[in-house]
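Here's the structure we're looking at; comments come further down.
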Amino acid sequence: MSYELLHPAQQIVMTMERIYAYGMTTTSGGNLSIRDDDGTLWITPGGVDKGSLTPADIMRVRPDGSFEGRHKPSVELPFHQWIYQARPDLRAVVHAHPPALVAFSIVGQVPDTFLVPNMRLVCGEVAMAPYGLPGSADLGEKIAGVFARGCNVVVMENHGVVVGAVDLFRAFMAFETLDYCARLEIDARRIGTPRELGPAEVQLGDHKQNVRMDEFTPRSHGSREREVRGEMCELIRRACDQKLFTSTQGTFSRRLEGDSFVITPYLVDRKYMEPADLVRIDGGRREAGKTPSRSVRLHQAIYAQHPHVHAVIIGHPPSIMAFAVTSEHLDSRTIPESYVLLREIPRLPYGSTFMEPEKTAGVFGRSTPLALVQNDCVVVTGESLIQAFDRLEVAEYSARSLIAARALGPVVMIDPARAAEIERAFKL
C-alpha cells in the first residue's frame, strides 16, 4: 500500500481506526495531525467518536488559525501547533492514552527500550514532559520544550504519550513500539526482574544487516504459491489484530517445495501486507527487487534440516517475551492443550538466530517445535502455517495465564505422571 500517497484525512482515519481497534485509545481520547506542505494542519475533531471517523470528519486548520470542516478541531490543537513550531522537520503527530503508557505516566517513569533489539532505534530517546492542563498554552510550551531538545517520543505526566515524526506511519510505528515496550516491561516485572541488553548486545543488534543473496526473476507464480501468499497475508493481519505482531515486528514463512519458500519482507507494515509484498526464496536466491526478512537464513536452515517443517514464525508477543527478558522459565505444562502443542520450550542465547542459524535450526524437532531466544524473540515451527500460528497463539495465551496466575497464588503445573499420560493419549 502506498500510504504516503493517500490524502492526509484518509491517513488520519486509517491510523485512528487502527489505534482504536488495538485498544490504544477510547471513544473520546487521542488526536492525530498531519502538517501539509503549505503549513495547513489536518487534525482529528473534538467530541467525535474515534471509533467511527470518516475523512469528512477531519478538520483543516489554515496557517492563520482559521479552520474548515463539519466540527471543531481537537481541544489539543495548541500543543500540536507548538510542536510543529519547535520542530519544523516534523510532519505528523500522534497523541493517545494507551493503558500501559498511562501507567508509566502516572508513576513518572518511561518504558525501557533496551529489553529487546531495535526498540531504541525506532523510538529514539524517550523523555518525560511535566503536567499541564489539557488544551492550555502551558501544556503546549512544556511539550514543545522537550521536542525542541530533539526528542520525538514524549511521555506526558499524568496524561499519556505524544510522538512526532516525518510522516504519520513513522509516528504510529514509534507510538506502537513504545506501547509494546511498556506492556512487555509491565508483564516482565510481574514475574521477575527484566534484564536489559548490554552495550555490546545493543551494538550487535543495531548492526544486524540485510542478508546478501543473489536475485532471480520467477517465470511464474503457480496456483499453489498464490494460495500460500493469500493465506500468509490473512494470518499476518490476524497476528497484528491480536497484537502478536506489530507494524514492523514478526516474520512468517511457508515452504512451497524443497528449498523454495515464501517469506515476509523487511520493514513493510504487517497490517497492510499484500501477497505481492511477500518474497520468494529459491535455492538460496531471493525474488528480484525485494528484501526478505533479516532472519531468512534461519528459516532456510530450518527447512533444510527438518523436512517435516513447512512453516516458521518468528514473533515477539509481550507475554512470551516477558519470560525471554527475565530468568523465568516458560513451562508449557499448564493445561493439556498447551503441553500437546508446545512441548518443551528451550531457551537459546541472544544473537543465536542470526549469528549461528544452522546450529539454532538444529534445536528444533517434533518434541521441540518452538524455542525462546533470550531478549530477542520466539521461534515457532509447524507442519502447516495454521499449526505454527496456533502454536504462537497458544504460547502467548499460556504465558498470559502464567503471569496472571502469579497474582492468585502458587502455580501448580501438570505433574510428570499426568504429562506422560497426555503423551500416551495423544501419541506425542
Practice problem: List the pair-distance distribution P(r) of the range 33-124, using every Cα-Cα distance, as the percent of pairs falling in each 5 Å bin from 0 up to the bin containing the longest distance, rounded to whole percents. | Solution: 3, 11, 18, 18, 17, 14, 11, 6, 1
Quiz prompt | Compactness relative to 2.2 N^0.38 Å, alpha carbon Rg of the range 31-77 | solution = 1.05
Self-check item: Student exercise, the chain dipole from Lys, Arg, Asp, Glu Cβ charges, in Debye to nearest 20
Solution: 540 debye
Quiz prompt | Positive-end residue, the chain charge dipole about Cα centroid, Cβ charges, pick of His80, Gly51, Ser33 | solution = Gly51
Quiz item: How many angstrom lie between the C-alpha centres of the range 1-69 and the range 365-391?
Solution: 39 Å
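How large is the accessible surface per residue of the chain, computed with a 1.4 Å probe and reported in Å² as a whole number?
Values: 18230 Å² over 428 residues.
About 43 Å² of surface per residue is accessible.
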Exercise. Could you tell me what % of all Cα pairs in the chain have separations over 43 Å?
Key: 17 percent
Quiz prompt | Apportionment of accessible area to carbon and sulfur, the chain, percent (1.4 Å) | solution = 52 percent
Quiz item: Any idea what log10 I(q)/I(0) is at q = 0.15, 0.17, 0.31 Å⁻¹ for the range 364-418, Debye with uniform C-alpha scatterers and no solvent?
Solution: -0.58, -0.72, -1.14
Practice problem: Straight distance only, please: which lysines reach the Cα of Lys359 with their own Cα at less than 29 Å, same-chain residues fewer than 8 apart left out? | Solution: Lys208, Lys290, Lys427
Practice problem: Using the charge dipole of the chain (Lys, Arg: +1 at Cβ; Asp, Glu: -1 at Cβ; taken about the Cα centre), state which of Thr177, Ala395, Tyr272 has its Cα farthest towards the positive end. | Solution: Ala395
Self-check item: Average Cα contact separation per residue, the chain, under 8 Å, 6 or more apart, as relative contact order %
Solution: 12 percent
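The values are calculated or read from the model by the stated rules, or taken from the named source; none is laboratory data. Note that the coordinates shown come from a computational prediction; the quantities given were computed from them, not determined experimentally. Every residue, glycine as well, gets a Cβ built from its backbone with ideal geometry; the counts of neighbours run over all protein chains shown. Quick note on the areas: whole protein, heavy atoms, side chains included, nothing else; ligands and nucleic acids left out. Shrake-Rupley method; radii C 1.70, N 1.55, O 1.52, S 1.80 Å.
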